[in-house]
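In what follows, a single structure is set out as structure tokens and then discussed.
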Amino acid sequence: MKENLRQLRERGGEGGGKGVRMAGSGSERVAVELCKGINGLDKVVLRGPRGSSAEVYLYGGHVTSWRNDQREELLFVSTKEIFKPPKAIRGGIPICFPQFGSNGSLEQHGFARNKFWSIDTDPPPFPTTSKSFIDLILKPSEEDMQKWPHSYEFRLRVALGNGGDLMLTSRVRNTNADGKPFTFAFAYHTYFSVSDISEVRVEGLETLDYLDNLENKERFTEQGDALTFESEVDKVYLGAPTKIAILDHEKKRTFVLRKDGLPDAVVWNPWDKKAKTMTDFGR
Ligand SMILES: O=P(O)(O)OC[C@H]1O[C@@H](O)[C@H](O)[C@@H](O)[C@@H]1O
């Protein structure tokens, strides 16, 4: 990665950005490019060898785009999103940290999605076969420490695999001077782009217990086959398997999610009524 970043700094990329070109591919695609996004915010563009790409804003450490080899967008970002800090970006992959939802005294989903992350120039080793990846880091400011008195380093690697798969890896290190332990919650709050929601089903969560956020977090057991959507859904599935699939019949596309070290899975769809109350939510 050091080499990757050194090249990123030293070579000029396209569009006024800084980039590293795909070695030996014969193509002009830049594997990692730092450039300006909407409202001049810094973003990193990752490009795979056959057309796939991803975009990561340093604001929020937020993935805002993921395209497959056919260059189809796989993530939803609201058309009403204004990309103006300190508001969190609506869509893509918000990072929830150190709190999920309203389960604590901090703002909803914690503060990491409202912070400017940095490019991590010297991350601890983490092997990858991909050339298209970026390491970001978030450390608390003094103001953050007033709200949440723990010192940490949150490292996020976003990697685009050679087959166009997107992989996010998070590492949180306790840097408290006295070594005092702390607890935190963490989630990737991914917005997948789907067609007609009535054509979508989720496999892998059936028969699990869940906490229903629409029923005061009461615990229920999921019945029946795969999950389908007929109204607003906001459920936390407990002890979810490592593999979950989202099948979109209309688009004839399946997302296969693999997770490691994250016990639960949240399914949220605001449906039309709640979506209309969210000023930044639009297709
Ligand atoms: O609007 P936010 O803060 O990004 O949260 C989106 C949704 O996130 C879900 O996880 C919450 O359970 C919902 O209640 C919330 O509406």
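The values are calculated or read from the model by the stated rules, or taken from the named source; none is laboratory data. All of these numbers come straight from a predicted model, not from anything done at the bench. Neighbour counts are summed over all protein chains in view; Cβ atoms, including those assigned to glycine, are modelled from backbone coordinates with ideal geometry. The protein model used for the area step is the full one, side chains on, heavy atoms only, and it has no ligands, DNA or RNA in it. Shrake-Rupley method; radii C 1.70, N 1.55, O 1.52, S 1.80 Å.
Computed values, structure above
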| item | result |
| --- | --- |
| Partners for Lys80 among aspartates and glutamates (Cα-Cα distance below 17 Å; same-chain residues under 8 apart left out) | Asp272, Asp280 |
| Quotient of C-alpha Rg and 2.2 N^0.38 Å, computed over the stretch 124-283 | 1.23 |
| Computed [θ] at 222 nm, helices only, for the chain once each DSSP H run of length n ≥ 4 contributes -39500 (n - 2.57) | -2000 deg cm²/dmol |
| Cross-link pairs Lys235/Lys273; Lys147/Lys235; Lys36/Lys84; Lys87/Lys243 - those with Cα-Cα distance over 24 Å | Lys147/Lys235; Lys87/Lys243 |
| Pairwise centroid distance, computed over Cα atoms, of the stretch 61-101 with the stretch 171-188, Å | 24 |
| Nearest-10 value in Å² for the accessible area of Ser231, using the 1.4 Å probe | 60 |
| Volume of the Cα convex hull of the stretch 164-250, divided per residue and given in Å³ | 147 |
| Förster radius 22 Å - calculated FRET efficiency between Gln70 and Ala226, Cβ distance, rounded to 0.05 | 0.30 |
| Nonlocal amide H pairs with Gly37, under 5 Å, H built at 1.01 Å | Asp42, Lys43 |
| Choice from Trp66, Trp271, Trp117 showing the highest fluctuation, given a GNM over the chain with Cα pairs closer than 10 Å | Trp271 |
| Rule-of-thumb Rg ratio for the stretch 67-211 [Cα; 2.2 N^0.38 Å; N residues] | 1.19 |
| Heavy-atom accessible area order for Cys35, Cys96, largest first, 1.4 Å probe | Cys35, Cys96 |
| Linear extension gain, Thr129 paired with Leu106, 0.36 nm per residue minus alpha-carbon span | 4.5 nm |
| Estimated translational D of the stretch 201-283 in µm²/s (Stokes, Kirkwood radius over Cα pairs; 4 °C; 1.567 mPa s) | 93 |
| Calculated log₁₀ intensity ratio I(q)/I(0) where the Debye formula runs over C-alpha points of the chain, q = 0.09, 0.13 Å⁻¹ | -0.45, -0.97 |
